[in-house]
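Some notes on the structure that comes next.
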Amino acid sequence: MKDIELVYKGEIYRIPNRWDGMTDRQYIRLVADLLRMAAGGLSAGEVRINWLCDIMNWDRRCFRTEEQIANLVAISEQLTFLFQINYPDNNAVLDGMDSETYELCRRVDPFRLHLHIARVLRRLDYQYVVDLCFCAQLIPAVRVKEHTYQGYTVEKGYGVLTCSLTALQYIEARELIGHGSESLPLMAAILYYPEKLYNSERAHALAQEFSALPPELLTAISFNFQAFNNYLFSKTPFSLLSKFKSNPDHPITTDASDALYDLSKDGLGDARQIEQMNVLTYLKVLRKKTIDAVRDMKGFGWDKTKISNEVGLPISVIDDII
């Protein structure tokens, strides 16, 4: 998604159309609006307008005439990074579209969409959902009472992805996704753990202190981590690890916690060393083990169906590996 460029009185203004184009305070205010939207207090359009005025330092009250308001709305509707539009039956109505048209239909409201299919889409029960998929750390530090806690780092400069999370940190935080607001202080304590060596017990004890943070900040921390997790498994080679069938009847474990300690059995270190392994190293090892297992079975003369049943991966993924 490209940033938006405006020309006004000979000057060019650029509006970021991406998650990593805002400050931590702007991000937290956006999350506060998203919480209001979830509670029915704001529409998706109002969230976009509020964010646009915030990022551009515009006073919304200054937009008074019909033309001014129409221009503000038109600009805000070009902000496509915030939401995706979900249509019934897992977007079945969009099946068979080319990728560009599909993406357009998922980003632009059907009442603003200039395509023939828009007439059909307008009659469907569609929903706006927050598009949490990006690679950035938008809240590098948080202050809790008298202490400042530095968060994990995420970088992808020069085409190289790096992250400071340990394997155990990542796994424990990931297991809390979707567990409701009561789990948010613990997730924050895990992700902003202050000591060099991560300690699960101490992180859990620290959660009480993080419970003093406002809900919009705790939610912002959770959203940021969810977005990074989604990025890992949709935009990187680690997406292979998300292809396993649910509850497959096979001996190769896909549970993150089990897989972590299985690496110790493979001679990669004791349990403590494996826990402190960098998360990206951990995922690289799991990916390699998966690929090696599939290729070994192929070498044994197994057909793709048998390999798929044994490993728990779809045949299409098996084809890509072998």
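Read the figures in this text as sums done on the coordinates, not as results from a lab. It should be emphasised that the depicted structure is a prediction, and the values quoted were computed from it without experimental measurement. Virtual Cβ from ideal backbone geometry, glycine too; neighbours counted across all protein chains shown.
Taking the number of other C-beta atoms within 10 Å as the exposure measure, put HIS116, HIS147, HIS204 in order starting with the fewest.
HIS116, HIS147, HIS204
So what's the net charge close to VAL279: Lys and Arg +1, Asp and Glu -1, counting the other residues with Cβ under 12 Å from its Cβ?
It works out to a net charge of 0.
Relative to the Cα centre, what is the charge dipole magnitude of the range 150-282, using +1 at the beta carbon of each Lys and Arg, -1 at the beta carbon of each Asp and Glu, and rounding to the nearest 20 debye? All intermediate terms of the calculation are to be shown ahead of the outcome.
On the way: 9 positive and 15 negative charges, 91 e Å.
That gives a dipole near 440 debye.
For the chain, what is the relative contact order in percent, using Cα pairs closer than 8 Å and at least 6 residues apart in sequence?
Relative contact order for the chain comes out at 14 percent.
Residue by residue through the range 211-217, which ³J(HN,Hα) values in whole Hz follow from phi under the Karplus form 6.51 cos²θ - 1.76 cosθ + 1.60 (θ = phi - 60°), with glycine and proline marked x?
My calculation for the range 211-217 gives 5, 7, 6, x, x, 5, 6 Hz in order.
I need the fraction of alpha carbon pairs in the range 274-322 separated by more than 15 Å, rounded to a whole percent.
When all Cα pairs of the range 274-322 are counted, 45 percent exceed 15 Å.
Most exposed first by the Cβ proxy, i.e. fewest other Cβ within 10 Å, how do ARG272, ARG29, ARG61 rank?
The fewest-first ordering by Cβ neighbours comes to ARG61, ARG272, ARG29.
222 nm [θ] for the chain, helices only, -39500 (n - 2.57) per DSSP H run of 4+, per residue, to 500? Kindly include the intermediate steps, with their values, before the conclusion.
Working: 15 runs with 156 residues, N = 322.
The helix contribution divided over the chain gives -14500 deg cm²/dmol.
Out of the trypsin sites (Lys or Arg not before Pro) in the range 160-239, which ones are loop residues according to DSSP with at most 13 other C-beta atoms within 10 Å?
On the way: sites: ARG174, LYS196, ARG202, LYS235; in loops: LYS196.
Filter output for the range 160-239: LYS196.
Taking only Cα atoms of the range 102-248, what ratio of Rg to Rh do you get with Rh as the Kirkwood inverse-distance radius?
So for the range 102-248, dividing Rg by the Kirkwood Rh gives 1.06.
For the range 1-82, what relative contact order do you get, as a whole percent, if you take Cα pairs closer than 8 Å and at least 6 residues apart?
30 percent
Full extension from GLN208 to GLU175: what is 0.36 nm times the residue separation minus their Cα-Cα distance, to one decimal in nm?
10.0 nm
Tell me, what ³J(HN,Hα) does each residue in the range 227-239 have, in order and in whole Hz, if you take phi through Karplus 6.51 cos²θ - 1.76 cosθ + 1.60 with θ = phi - 60° and put x for Gly and Pro?
Values per residue, Gly and Pro as x: 5, 5, 4, 5, 4, 4, 9, 10, 10, 10, x, 5, 4 Hz.
To the nearest 20 debye, what charge dipole does the chain have about its Cα centre, counting +1 at the Cβ of each Lys and Arg and -1 at the Cβ of each Asp and Glu?
Computed charge dipole of the chain: roughly 440 debye.
Quick one: net charge of MET97's neighbours, Cβ under 12 Å, K/R +1, D/E -1?
-3
Using the Cβ atoms and a cut-off under 14 Å, what net charge is assigned to the surroundings of SER264, where Lys and Arg are +1 and Asp and Glu are -1?
Working: positive: LYS265, ARG272, LYS289; negative: ASP258, ASP262, ASP266, ASP270, GLU275.
Result for the neighbourhood of SER264: -2.
Test of understanding: what is the full-extension gain from ARG18 to ASP320, defined as 0.36 nm times their sequence separation minus their Cα-Cα distance? The partial results should precede the final answer.
Values: separation 302, 0.36 × 302 = 108.72 nm, distance 3.16 nm.
Taking ARG18 through ASP320 to full extension adds about 105.6 nm, to one decimal.
[x] 21.2; [y] 20.0; [z] 22.8: which one is mean projected area of the Cα convex hull in nm² as calculated from this entry?
For mean projected area of the Cα convex hull in nm², the calculated option is [x].
Could you pull the Rg and Dmax for the range 241-321, using just the Cα atoms, both in Å?
13.3, 39
Positive end of the dipole of the chain, charges at C-beta (+1 Lys, Arg; -1 Asp, Glu), about the Cα centre: which of HIS179, GLN78, MET277 has its Cα farthest in that direction?
It is GLN78, whose Cα lies furthest towards the positive end.
What is the range 83-130 by shape, rounded, prolate or oblate, if you read a ≥ b ≥ c off the alpha carbon gyration tensor as root eigenvalues and call it rounded for a/c under 1.5, prolate for a/b larger than b/c, and oblate otherwise?
Rounded, since a/c falls under 1.5.
Mind giving me the FRET efficiency for THR281 and GLU155? R0 is 22 Å, r the Cβ-Cβ distance, nearest 0.05 is fine. Write down the numbers at each step before the final one.
Values: r = 15 Å, r/R0 = 0.70.
Efficiency at R0 = 22 Å is approximately 0.90.
For the range 1-121, how big is the tail of P(r) above 18 Å, as a whole percent of Cα pairs?
Working: 4266 of 7260 pairs.
Taking all Cα-Cα pairs of the range 1-121, the fraction more than 18 Å apart is 59 percent.
What are the residues whose amide H is under 5 Å from the amide H of VAL144, where those residues sit 5 or more places off or on another chain and H is modelled from the backbone?
Answer set, sorted by chain and number: TYR149.
Can you list the residues, at least 5 places off or on another chain, whose amide H is less than 5 Å from the amide H of PHE83, using H built in the peptide plane?
ASP131
Among ILE139, ILE190, ILE291, which comes first, second and so on when ranked by fewest other beta-carbon atoms within 10 Å?
ILE291, ILE139, ILE190
Sticking with the crude label model, points 7 Å out along Cα→Cβ, report the distance from PHE300 to LYS145 in nm, one decimal please.
That separation, rounded to one decimal, is 5.6 nm.
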